[in-house]
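The values are calculated or read from the model by the stated rules, or taken from the named source; none is laboratory data. As the structure is a computational prediction, the values presented were derived from the model and not from experiment. Quick reminder, even Gly has a Cβ in these numbers, built from the backbone with ideal geometry, and neighbours come from all protein chains shown.
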Amino acid sequence: MAVIPLERKPLSWSERTYLPQIAAGLKTTLKHLFAPNVTLSYPEERPAIPANYRGVPTLVKDPHGREKCVSCQLCEFVCPPKAIRITPGEIPSDQPDRAHVEKGPQAFDIDMLRCIYCGLCQEVCPEEAIFLQNQYSMTGYTREEMVNHKDRLYELGGTLPDQHFKWDKKKAAAEHGNAH
């Protein structure tokens, strides 16, 4: 195989001194030096969060303060990274307003180190018990601090207004049916 030498065009004086490249870099620096500041003083200032932002998954209660979760475990099964762990438990018999529910979560844990914020848990929940909040800064010093247990999930989620009061309607229908 033959090697064919290529003739290169010699560099000009300005190319040898790198002056055009230095001038271009200084131009960019000066442009940003006098531009308005875009830095936020976090955490005092926070960026605007879009309407459909998917943040931390939380559990919510109904307007009567009852747990909406019925331990169907659909969110646990659909979670791609397996971040959700639910231990179903019995509903105490001293809660007559929850007689329509077969079981409730004895333990409900979400490992935030595994969560990928996909929103599938919220989409699959038939009771609308799990919601993704607009909180985005979850921190902790240990792995254990990054696992949200049931009480922490309810603390983050709080109470959401219920549009249809599904269980109240079913309970009223059952009571009406038993009266006849």
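Okay, here's what the table says:
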item: Among the residues listed as Leu33, Leu26, Leu74, the single one being in contact with a Cys (Cβ under 8 Å, 6 or more places away or on another chain) and modelled with pLDDT of 90 or more; result: Leu74
item: Selection status of Gly104, surrounded by 15 or more Cβ atoms within 10 Å (Cβ to Cβ) and assigned to a loop (DSSP other than H, G, I, E, B); result: no
item: Residue in the range 18-37 that is assigned to a loop (DSSP other than H, G, I, E, B) and under 30 Å from Thr139 (Cα atoms) present; result: yes
item: Which numbered condition Pro92 fails, given (1) surrounded by fewer than 18 Cβ atoms within 10 Å (Cβ to Cβ); (2) more than 22 Å from Pro161 (Cα to Cα); (3) touching a residue at least 12 places away in the same chain (Cβ under 8 Å); result: (3)
item: Candidate set from the range 37-75 (those that are surrounded by 17 or more Cβ atoms within 10 Å (Cβ to Cβ) and small (Gly, Ala, Ser)); member that is nearest to Pro88 (Cα to Cα); result: Ser71
item: Any hit, the range 8-15, residues being of a type in the set (Gly, Ala, Ser), in contact with a helix residue (DSSP H, G or I) (Cβ under 9 Å, 6 or more places away or on another chain) and without any contact (Cβ under 8 Å) to a residue 24 or more places away in the chain; result: yes
item: Selection status of Ile22, among the β-branched types (Val, Ile, Thr) and touching a Pro at 6+ places or on another chain (Cβ under 6 Å); result: no
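Quick grid of which residues meet (1) in contact (Cβ under 8 Å) with a residue 24 or more places away in the chain; (2) of a type outside the set (A, V, I, L, M):
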residue: Asp109; (1), (2): yes, yes
residue: Cys115; (1), (2): yes, yes
residue: Tyr141; (1), (2): no, yes
residue: Val147; (1), (2): yes, no
residue: Lys150; (1), (2): yes, yes
